[in-house]
Structures are given as structure tokens and as C-alpha cells.
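A quick write-up on the structure given underneath.
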Amino acid sequence: MKQKRKGSISVFLVILFACFLLVTAVLIAAARSASGHSVTDAALRLAGRSVLSEYDKRLFSDYGLLAFQGDEKQIEADITYYAGATLTPKKAPYLFLQNNGGHTVTPWPQMSSVTANLKGFSLLDLNIFQAQIEQASAAAWIEDLRTERRTRNSGDRKDDENRTLRNQSVLDSLPSAGYDSPFFPSIAGVADLPDGGNVALESGAQFLVSQYILAVFSDHQSGSRDRDKHFFHNEVEYVLAGKDSDEGNYSDVLWKLRGIRYALNAEAIAVDSEKMQTLNDISNAAGPYKGVAIAAMLATWAGAETHNDMMRLEGGGKVALLKTKDQWALNDPAEIFGSLGGAIASGVGELVGYEYGETAVAPADSGGWDYEGYLKFLLILLDRETKLVRVMDLIQINLKGTYNEDFLLRGYYTGFRYEWTADGDTYAYTERY
């Protein structure tokens with residue numbers, strides 16, 4: 001009886017031990033599979049980030065933009081290469097089981113296929129490009145550019161800084177080529193702004209874009225930053241005007257500034273009862289043509305004040321957007337008109353570009369915005385799409401001319417998606433800066 005019991009216990013223990021062995025084998029297999037998936041996942045993630053590490057250093061150092069050049073086939077080849085450094089036994093033998101100096105069947109999945117997708121990551125995408133600019137605007141290096149710009153604004157400009165882009169192939173390859181957008185959607189209501197120092201016409205994001213433009217690029221008065229790396233000298237003016245020459249861009253911006261100043265000056269006279277009373281008194285001699293005389297004198301006075309404003313701005317001075325009495329420079333209309341006939345003649349002449357004196361008159365209060373302040377105001381009025389594509393133009397022109405003659409922004413990306421498939425398993429990732 002005892003022997004039977006001993007035999008039964010032995011059989012039970014053998015069965016129990018066999019179950020333990022089976023469970024242990026299952027656990028080992030599961031652990032091998034899980035560790036294989038874990039190592040594969042880590043290797044593929046590292047491979048994706050390695051592709052992102054191949055960003056264009058010049059594009060980043062000069063403009064603060066993180067993007068890499070490539071295509072889907074190249075990315076797939078890079079992922080295969082980088083992941084293979086971890087998943088190939090010959091390159092990483094410590095990851096695999098050894099058998100008499102050779103490798104056994106590895107527990108890690110073997111790479112079978114990789115597919116990459118760049119759709120939605122092009123640097124030419126306006127949303128992506130703006131996000132890159134916003135990141136650059138928040139970076140520390142932008143402060144150094146702003147400091148440098150204030151130094152350049154002291155004026156070391158040369159008279160021969162007038163360049164024209166004539167290479168048609170370069171012009172045709174620009175991001176803005178064929179782009180059609182109104183320069184100013186509207187300047188109506190400019191005179192209704194609460195004051196010259198509190199303009200709330202753009203979002204915080206667009207404000208960062210404008211700050212970026214003013215820090216990275218030069219304008220007519222600041223002179224050129226890194227002249228050997230920049231084609232145009234009037235770069236901010238290019239963003240505003242889009243002409244193919246420094247002279248054309250500067251001239252276009254001056255006329256827009258002149259138009260804004262004239263509209264504001266004319267309204268300032270029209271709403272000032274003291275100024276209008278002066279015009280009314282002088283126009284009494286016109287008899288039945290009094291209304292014509294007042295209109296002509298108002299045009300003349302606004303034109304003279306505008307001309308004086310432009311001389312002050314071009315000379316490095318400041319002009320308030322909306323002027324107070326002390327910020328008005330030409331207060332004696334008799335000196336401007338000379339006579340009623342002269343007022344009417346010059347008023348008509350103002351409509352066709354009548355010119356005044358060449359010596360600027362300073363008002364009692366010479367505070368306000370300088371030329372850069374007005375450039376910032378014009379950037380606020382410029383629509384987002386035009387602003388961004390012309391920034392793209394400048395970056396491409398500069399890097400094509402001084403870095404890589406084949407440089408095209410359309411070949412640059414800020415991220416990608418990729419999938420790896422093997423043995424029925426699929427790993428999918430999205431990598432971006």
C-alpha cells in the first residue's frame with residue numbers, strides 16, 4: 001500500500017514538474033518576444049530621430065529653421081541603415097544568442113520593409129513655416145540679432161547698395177512665383193486707431209513673424225547684415241513690395257508711407273476746428289469758390305506736412321502716427337500757401353506729386369515712430385500669406401547664392417511618418433522637429 005502511494009506521489013510530482021517546465025518555456029518565449037518588440041521599437045525610434053539629426057545646419061544657423069533635405073526613398077534607406085545597426089547580428093552580436101561561435105535564430109524580428117511618407121511636412125506649408133518662425137523668434141539667438149540691428153541702425157549704409165535680381169531661372173523657382181495676393185487688403189480706418197503706440201491689428205503669432213523679419217533681415221536704413229550672405233540690402237522692403245530690385249522696393253515702400261501719412265495728416269486738419277477756422281478765414285477771398293479754395297488749401301497743407309514727415313523719416317527722425325498739436329511741424333499756413341492762388345495751384349499740384357522744400361522742420365515734440373517703426377506697421381497691414389512666401393523667397397535667394405546653387409525650399413521637410421513591417425507586425429511612427 002505504501003509503495004503504491006509512493007508511486008502515485010512520484011507520478012504527480014513528475015506531472016507537476018512538467019507543467020512547471022511548460023509554463024517556464026511559455027514565459028521565456030513571451031519574454032523573448034516582448035524583449036524583441038521592445039528592442040525593435042527602440043531601434044526604429046532611434047533611427048527616425050537619426051534622420052531628423054540630418055537637418056541643414058546653414059538653414060538653422062542663419063535663419064533658425066529646423067528642416068532636412070530628402071525624399072521618401074532616401075528616408076527609407078536611412079531608416080534601414082540606422083535600424084540595421086541595432087538589429088543586425090553582425091553589427092550588434094551582443095543582442096543575439098550564440099551557438100559554437102555562430103548566431104542562432106534570433107528572438108528579434110528581422111526587417112522586411114519600410115515605407116516613409118512626407119505628406120504634410122513640407123517647409124513650404126505656410127502653417128509649418130510660420131510655426132518654425134515662431135520657434136526661431138523665441139530662441140535666444142534672435143536677441144543677439146536684435147541687438148546687432150540696433151547697432152546697424154546707426155547708419156553705415158553705402159550709396160551703391162542697389163541690387164537687381166535678373167536671373168530668370170532663380171525668379172521662376174521662388175516660392176512666390178505665380179503667387180497672387182493683394183498687397184494691402186485694406187487701409188480703411190487707419191485714422192480711427194486709438195493712438196500711434198497701441199496698434200492691435202495682428203495676432204500674437206503674426207507679431208512674432210514681424211519681429212522675426214525685422215531681426216533677421218536688413219532694411220534701407222539699417223544696412224545689410226552679413227553682406228556676403230544676403231543678396232538684397234532692402235530685404236524688409238522686399239517683403240513689403242516684392243520687387244526684383246532694392247531701388248524698386250524702397251521706392252514702393254516710401255510711396256505707401258507717404259500715402260498713409262497724407263491720409264492721416266489730411267484727417268488731422270479736417271477734425272481740428274482751429275486749423276479749419278484758419279482755412280475758412282483765408283478762403284473768404286475766393287467768394288463763391290470758397291469750398292474749392294478750402295479743399296485746395298487742405299490738400300496743400302496736408303501735402304506739405306507729409307513731405308516734411310517723409311524727410312524726417314528718411315533722415316533717421318521720428319514721426320508720430322497720430323499727431324498731437326505739439327507734434328505738428330508746419331503751423332503757419334500763410335507760409336505754405338503764399339497766396340490763395342498759390343494754395344489752389346499747389347493743391348492741384350499735390351495730386352500729381354508736387355514737391356516742397358528740402359529742409360525738414362522739427363516740431364516741438366519730435367517723438368513718435370522711426371522708419372523701422374513704420375516698417376513694422378506696414379508688416380502688420382500685409383496679409384499673412386504674402387508675408388510668409390516673401391520671407392521664403394529671401395531665404396532661398398540668399399542660400400542659393402552663397403551656400404548651394406541648387407538650394408530649393410520645396411525639397412525641405414520638418415518631419416515624416418514611417419512604418420516598419422515584419423512577420424505580421426507593423427510599427428508606425430511620426431517624427432517631427
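The values are calculated or read from the model by the stated rules, or taken from the named source; none is laboratory data. Quick caveat, the model's predicted, so the values are computed rather than measured. Every residue, glycine among them, receives a Cβ derived from its backbone with ideal geometry; neighbour counts consider all protein chains shown. Note: areas computed on protein heavy atoms with side chains; ligands, DNA, RNA excluded. Shrake-Rupley method; radii C 1.70, N 1.55, O 1.52, S 1.80 Å.
Here is how the numbers come out for the structure above:
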read-out: Dipole magnitude (debye, nearest 20) for the range 243-291, charges at Cβ of Lys, Arg, Asp, Glu; value: 160
read-out: Ile336, Ile9, ranked by accessible area, largest first (probe 1.4 Å); value: Ile9, Ile336
read-out: Per-residue SASA entry for His230, accessible area with 1.4 Å probe, Å² rounded to 10; value: 10
read-out: Accessible surface ranking that places the most exposed of Trp255, Trp420 first, with a 1.4 angstrom probe; value: Trp255, Trp420
read-out: Label-point separation in nm, Asn167 to Ala42, each point 7 Å along Cα→Cβ; value: 4.8
read-out: Listed residues Leu171, Leu264 arranged by accessible area, highest first, probe 1.4 Å; value: Leu171, Leu264
read-out: Contour minus Cα-Cα distance for Val361 and Glu419 (0.36 nm per residue); value: 13.9 nm
read-out: Inter-label distance for Asp71 and Gln277, nm, one decimal - labels placed 7 Å from Cα along Cα-to-Cβ; value: 7.7
read-out: Anisotropy class of the range 253-326 from Cα gyration tensor, a/c 1.5 cut; value: prolate
read-out: Local electrostatic count, Glu76, Cβ distance below 13 Å [Lys/Arg +1, Asp/Glu -1]; value: -2
